[in-house]
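Quick notes on the structure that follows.
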Amino acid sequence: MTEQEIFEEDDILITWDEKLFVGINMIDKQHKHLIDLTNQLYQACRTGGEERYTVFKETMSQVVEYIRFHFTAEQEMLKRCKYPNYADHKHEHDKLILEVLQFTKEHEGNKRLVPNNFVRFLKDWIVGHIGYCDKMYAKYILDQKKQGLLSDKDIEG
């Protein structure tokens, strides 16, 4: 398979749609931004030439920082809301961080397909994690809010 065959025809790898919507404003905004950054990584991979590795490295750095910010915000919200599966959710975040660190190490070792592999991995992780794990906590939080057990202040901080 050639490098060009690895990519779809579209310039966008992930499109925001209802299946990614969790119904918590702060989290949905952060997820949209994470998707935008992932699409930027994808576009960096598609540019071709050696400059794509520089662009990819810069964009990857932004993604890593934003993932840290988002995970911190999300985990703080889950603690405030006393989410019963907090430990499992945090474990999923921790596993992603380890994967990202591995990809970063490989990229620094100049493995040629790391950008392509990383952007695909990140896409799959985002769609799967939001679509399953984040939807689970969102259901809990929104149910608690509907019952009057949580307020917007509890959720948004």
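Data for the structure
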{"item": "Assigned charges on the beta-carbon of Lys, Arg, Asp, Glu; the stretch 22-156 dipole about Cα centre (debye)", "result": "200 debye"}
{"item": "Cα long-axis angle, helix 114-128 against the chain (0 to 90 degrees, to the nearest 10)", "result": "20 degrees"}
{"item": "Potential lengthening between Gln62 and Arg120 on full extension [0.36 nm per residue; Cα-Cα distance subtracted]", "result": "19.2 nm"}
{"item": "FRET efficiency estimate (nearest 0.05) - Cβ-Cβ, Arg80 to Gln147, R0 22 angstrom", "result": "0.85"}
{"item": "Equivalent-ellipsoid semi-axes of the stretch 22-156, from the Cα gyration tensor, Å, largest first", "result": "32, 14, 11"}
{"item": "Of Lys29/Lys145; Lys57/Lys82; Lys57/Lys153; Lys29/Lys79; Lys105/Lys145, pairs whose Cα-Cα distance is over 31 Å", "result": "Lys57/Lys82; Lys57/Lys153; Lys105/Lys145"}
{"item": "Linear extension gain, Val127 paired with Glu156, 0.36 nm per residue minus alpha-carbon span", "result": "8.2 nm"}
{"item": "MRE, 222 nm, helices only [DSSP H, n ≥ 4, -39500 (n - 2.57), over the chain, to nearest 500]", "result": "-23000 deg cm²/dmol"}
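Values in this text are rule-based calculations from the coordinates and carry no lab data. Quick caveat: nothing in here was measured; it's all calculated off a predicted structure. Because the Cβ atoms are built from the backbone with ideal geometry, glycine has one as well, and the counts that use them run over all protein chains shown.
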